[in-house]
1. Considering only residues that are over 18 Å from Met222 (Cα atoms) and buried (at least 17 other Cβ atoms within 10 Å of the Cβ), which ones fall in the range 119-129?
2. How many residues does the range 27-46 contain that are outside any helix (DSSP H, G or I) and open to solvent by less than 40 Å² (accessible area, probe 1.4 Å)?
3. Quick one: in the range 106-118, of everything that is among the aliphatic types (A, V, I, L, M) and more than 17 Å from Thr130 (Cα to Cα), which residue is most open to solvent (accessible area, probe 1.4 Å)?
4. Is it true that Asn9 is touching a residue at least 60 places away in the same chain (Cβ under 8 Å) and either open to solvent by 60 Å² or more (accessible area, probe 1.4 Å) or over 15 Å from the mean Cα position of the chain (by Cα) (or both)?
5. Report, by residue number, each residue of the range 74-100 that is more than 11 Å from Gly49 (Cβ to Cβ), open to solvent by 20 Å² or more (accessible area, probe 1.4 Å) and under 16 Å from the mean Cα position of the chain (by Cα).
6. Cβ-Cβ under 8 Å, sequence separation 6+ or interchain: first residue in the range 206-220 and closer than 15 Å to Ser181 by Cα, partner charged (D, E, K, R) and open to solvent by 20 Å² or more (accessible area, probe 1.4 Å). Which pairs?
7. Looking only at the range 37-77, which residues are under 16 Å from Asp235 (Cα atoms), among the polar types (S, T, N, Q) and in contact (Cβ under 8 Å) with a residue 60 or more places away in the chain?
8. For Ser14, all conditions in the list (1) at pLDDT 95 or above; (2) farther than 26 Å from Ala106 by Cβ hold save one; what is the number of the exception?
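The values are calculated or read from the model by the stated rules, or taken from the named source; none is laboratory data. All values reported here derive from a predicted model rather than from experimental measurement. Quick reminder, even Gly has a Cβ in these numbers, built from the backbone with ideal geometry, and neighbours come from all protein chains shown. All accessible areas refer to the heavy atoms of the entire protein, side chains included, with ligands and DNA or RNA removed. Shrake-Rupley method; radii C 1.70, N 1.55, O 1.52, S 1.80 Å.
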Amino acid sequence: KEQIIELSNELGVSASDIAESAYNAISSSVDTADAVGFVEQATKLATSGFTDTTTAIGVLSTAINSYGLETSQASQMSDYLITAQNLTKTSVAELAAGMENIIPVAANYNVGMENLTSAYVTLSENGATTAESTTYLESLFRELGDSGSIVSKTLRESTGMSFESLMKQGESLGDIIEILSESVDGDTDAFNELWGSSEAGTGALSLLSSGAEKYNGVLAQMEQSTGATDTAFEDMTDTVEYAKQKMENSFENMKIAIGDQLTPVIKNLSEAGAEAFGWATDFINDHPEIVTAVTAVAVGLGGMVTAVTAVSTATSIASTIWESFTTLVAAH
């Protein structure tokens, strides 16, 4: 709870929203001890990537789980996404929509997140939409990883290694495409015939048209992207509107803190009040002669009418005290 309030004050996001995000993160297999720190990164990504925190949590948790990374590495995954957004006309919201499905496939073939985002950037620069890029890349990865496909056999004949092994040893996707092109002496038609599906072929030809050098240039920017999310978040929140939002949020958190301090007092007061009223009721029920005596005294002082007035006045006072008490409790 203390971590949530602290992060709420830092980011200017309501404590209830952060608590809900932490629950979602834990539900996505993020360790409970790391949940608030993970939510901090997801919130910054959401703000900088024009999306919501739920989407940011989804894509980051998918990356963490698929690649078998530590939760602390979510910041690097976030930086790749922000850099891809900076280099293209796409947004993190659009990237996340497709990448949650393709990340597990990429991870299965050792295609790292930096390579995956570089491929999206390259395809986007060549005119493909984010959704089209997702389709192209998923087909391309599956054919390259299928030991029975023509392109997989060609790659193994040229290098003596599988697609997964080449990626694991540090080759980029751009390098793989260039190796395949060289295997057919740069013949575009022959290169296209290596692919069994039109989607994979279209994606591969697009990457080929950019060339390995350009692809690797984008990849280098990804590898040097550390801190991109923090920088983007600072730019997005450097506004008067955000400052006001942050102040209002801090005020709400102050009320929560005050309420936390008052809760034990209100609880004790409520219990004491309940005990007092309960004792009074039991006492009167157990001692009806008290009511008789009070009535007799009232008659002696001024008659039955006066007694009725006295009882009515006493009842009114008790009612007022009770209403004030319940109002106080409800207010806190």
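1. Let us first name the residues in the range 119-129 that are over 18 Å from Met222 (Cα atoms), namely 126-129.
The one that is over 18 Å from Met222 (Cα atoms) and buried (at least 17 other Cβ atoms within 10 Å of the Cβ): Ala128.
2. Summing the residues that are outside any helix (DSSP H, G or I) and open to solvent by less than 40 Å² (accessible area, probe 1.4 Å) in the range 27-46 gives 2.
3. My answer is Ala107.
4. yes
5. Ser75, Gln76, Ala97, Glu100
6. Within 8 Å, the pairs are Leu208/Glu178; Ser210/Glu125; Gly211/Glu178; Ala212/Asp175; Ala212/Glu178.
7. Gln41, Thr47, Ser48
8. Only one criterion is unmet by Ser14, namely (1).
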